[in-house]
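In what follows, a single structure is set out as structure tokens and then discussed.
The values are calculated or read from the model by the stated rules, or taken from the named source; none is laboratory data. None of the values given here were measured: they were computed from a predicted structure. Cβ placement follows ideal geometry from the backbone for every residue including glycine, while neighbour counts extend to all protein chains displayed. Heads up: the accessible areas ignore ligands, DNA and RNA and are worked out on the full protein's heavy atoms, side chains in. Shrake-Rupley method; radii C 1.70, N 1.55, O 1.52, S 1.80 Å.
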Amino acid sequence: MIKNIVFDFGGVLVEYDFTAYFIKILGSREKGLWFMHNILTYENNDKLDKGDKTFSEYMKEWKQRWPDYAVALDAFDKKNTDIFTGEVPGMKALMKELKSKGYRLLGLSNWSTKVFAVMDKYPEIFSLLDGYLVSHQVHLIKPHKEIYETFCKKFDVKPEECVFIDDKAANIEGAKAIGMRGIVFKSADQLKTDIKAVL
């Protein structure tokens, strides 16, 4: 029996567009795409989210390595919330509906310390969560099983009583590996339909 509904943050609760942001900051599509493909790679973003070093330490290292992109890295550091463009349409209403039915709403996200500024920017949707675990807090990242196990211990929940919602299929597979149900998120309407099959 599902008691807990667990949400990823970026791409599920709030929308973002890193590529458009850095194209704008750097003044050309070519530079923006180079930045995304060579600096803000999945591997480097995972480092930020895992938080073995502080965000500032990584920015200092990267500016030394890529001085021509210092402006973009400074913007990423100081104006990070500008990357996030709004709540995902329909999600706040769906979360309120699920909460009214007695489900516990929790968060599990890969994110650096910059997450808190984004949560402050969109307080209405994040305030619907009854608790959350963010990767940098425990130096673990999805889809590795340890973060899901740590999440279950933190909130004293059983995996089989959780359904996890994430926009990345690999993260859903990580949740399923410890016994959670999982739904790959595409839209609030799709989630509303798909979640009926597991609740």
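Selection of helices (runs of 4 or more DSSP H) fully inside the stretch 1-118 by the criterion of at least 3 residues being over 19 Å from residue 147 (Cα atoms) and of a type in the set (A, V, I, L, M) returns 18-26, 70-78, 91-100.
The requirement of being open to solvent by 50 Å² or more (accessible area, probe 1.4 Å), closer than 22 Å to residue 143 by Cα and touching a Ser or Thr at 6+ places or on another chain (Cβ under 8 Å) is satisfied by residue 50. Within the stretch 155-179, residues that are under 23 Å from residue 88 (Cβ atoms) sit with their Cβ atoms under 6 Å from residues that are part of a helix (DSSP H, G or I), at 6+ positions apart or across chains, in these pairs: 164/175; 166/172; 175/148.
Checking each residue in the stretch 1-22 for being among the small types (Gly, Ala, Ser) and either touching a Ser or Thr at 6+ places or on another chain (Cβ under 8 Å) or more than 16 Å from residue 126 (Cα to Cα) (or both) picks out 10, 20. Picking from residues in the stretch 9-27 that are open to solvent by less than 10 Å² (accessible area, probe 1.4 Å) and farther than 22 Å from residue 74 by Cβ, the one that is nearest to the chain's Cα centre (by Cα) is 9.
If you go through the stretch 183-199 and keep only what is in contact (Cβ under 8 Å) with a residue 60 or more places away in the chain and either within 13 Å of residue 11 (Cβ to Cβ) or in a helix (DSSP H, G or I) (or both), you end up with 185, 187, 188, 189, 191, 192, 195.
Condition check for residue 86 on (1) loosely packed, with under 15 Cβ neighbours inside 10 Å; (2) in contact with a strand residue (DSSP E or B) (Cβ under 7 Å, 6 or more places away or on another chain); (3) free of Cβ contacts under 8 Å to residues at least 40 places away in the same chain: one failure, at (3). Within the set 121, 114, the sole residue that is at pLDDT 95 or above, among the basic types (Lys, Arg) and open to solvent by less than 60 Å² (accessible area, probe 1.4 Å) turns out to be 114.
Please enumerate the residues belonging to the stretch 102-117 that are in contact (Cβ under 8 Å) with a residue 24 or more places away in the chain and over 15 Å from residue 159 (Cα atoms). Of everything in the stretch 102-117, those that are in contact (Cβ under 8 Å) with a residue 24 or more places away in the chain and over 15 Å from residue 159 (Cα atoms) turn out to be 109, 110, 111, 112, 113, 114, 115, 117. Taking the listed residues 127, 109, 135, the one that is under 26 Å from residue 175 (Cα atoms), open to solvent by 80 Å² or more (accessible area, probe 1.4 Å) and hydroxyl-bearing (Ser, Thr, Tyr) is 127, with no other qualifying. The residues in the stretch 154-181 that are open to solvent by 10 Å² or more (accessible area, probe 1.4 Å), in a helix (DSSP H, G or I) and aliphatic (A, V, I, L, M) can be counted, and the count is 3. Restricting attention to the stretch 28-38 and to residues that are of a type in the set (D, E, K, R) and out of contact with any helix residue (DSSP H, G or I) (no Cβ under 6 Å at 6 or more places or on another chain), the residue that is surrounded by the fewest Cβ atoms within 10 Å (Cβ to Cβ) turns out to be 30.
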